[in-house]
Every structure is written in C-alpha cells, then in structure tokens.
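Note sheet for the following structure.
The values are calculated or read from the model by the stated rules, or taken from the named source; none is laboratory data. Keep in mind the model is a prediction, meaning the values are calculated, not measured. With ideal geometry, Cβ positions are generated from the backbone for all residues, glycine too; neighbour counts draw on all protein chains shown. Calculation scope for accessible area: heavy atoms of the full protein, side chains included, ligands and nucleic acids excluded. Shrake-Rupley method; radii C 1.70, N 1.55, O 1.52, S 1.80 Å.
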Amino acid sequence: MTALQLNAEFYRTMGIIAEDEALLAKVLKYAKKLVAKKEDPTLLTKEEFFRRVDEAREEIRQGKGTRFSDPQAMNIWLNSL
C-alpha cells in the first residue's frame, strides 16, 4: 500500500472508531505509546529501568564491574565501545 492508500484506510477506520468512545480511548492510548517509541526509542518503562539497576547491582556484587585508575583510562575504555 502507498502512503496515500494507508492514510485513506486509516481515516475510514477512524471514522468508525470515533463513534465509540471506549474504542476511541483505546486507540488514543495505543497511539500515544507508538508516538513515544518513535520520538525516543531509548525510553524505558519504570519497571525496565529498575530491573536494569538491580541487574547492575548484582553484577557489581559479583565483582563483574569495571574499575578505572584515572579518568583517562575510563575515556579510553568508553571510546572503545
């Protein structure tokens, strides 16, 4: 489908959905999620963020962290990523 055809189909479908407030609320909620993902693909949910913090703490506890003797060593390591 072309962009023009997709737009036409979208507006036809939205015309039907717009008559039902509950469906319209669901579409709006989902559309906001899609927009957020497009605007910033690096966004994490609150749960994902705290899960990653917990994983990092566990790795540090296990001694898997990386230590640097000075800022220059850290910059060399970061540039290598």
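Would you calculate, for the chain, the mean residue ellipticity at 222 nm contributed by helices, counting each DSSP H stretch of 4 or more residues as -39,500 (n - 2.57) and dividing by all residues, to the nearest 500?
One gets -24000 deg cm²/dmol as the mean residue ellipticity at 222 nm.
How much length is gained if the chain between LYS32 and GLU59 is pulled fully straight, taking 0.36 nm per residue apart and subtracting their Cα-Cα distance, in nm to one decimal?
6.3 nm
Considering only protein heavy atoms, what per residue accessible area in square angstrom results for the chain with a 1.4 angstrom probe? Display every interim value, and only then the final one.
On the way: 7880 Å² over 81 residues.
Accessible surface, normalised per residue, equals 97 Å².
Of GLN5, LEU43, ILE17, which is farthest on the positive side of the dipole of the chain, counting Cα position, with +1 on Lys and Arg Cβ, -1 on Asp and Glu Cβ, and the Cα centre as origin?
LEU43
Measure nothing but the geometry: give the 0 to 90° angle between the long axis through the Cα atoms of 46-61 and the longest principal axis through the Cα atoms of the chain, rounded to 10°.
The answer is roughly 20 degrees.
What's the center-to-center distance, using Cα atoms, between the stretch 59-81 and the stretch 1-42 in Å?
Cα centroid of the stretch 59-81 versus Cα centroid of the stretch 1-42: 44 Å apart.
Only one of the listed values, (i) 4.5; (ii) 9.8; (iii) 4.8, was derived from the coordinates as mean projected area of the Cα convex hull in nm²; which label is it?
(ii)
Does anyone have the angle between helix 3-17 and the longest principal axis of the chain? Alpha-carbon axes, 0 to 90°, nearest 10?
70 degrees
Against the longest alpha carbon principal axis of the chain, how many degrees, from 0 to 90 and to the nearest 10, is the axis of helix 21-39 turned?
40 degrees
Any idea what the dipole of the chain comes to, in debye rounded to 20, about its Cα centre with Lys/Arg Cβ at +1 and Asp/Glu Cβ at -1?
160 debye
On the protein heavy atoms, probe 1.4 angstrom, tell me the percent of accessible surface of the chain carried by carbon and sulfur.
About 59 percent, which is the carbon plus sulfur part of the accessible surface.
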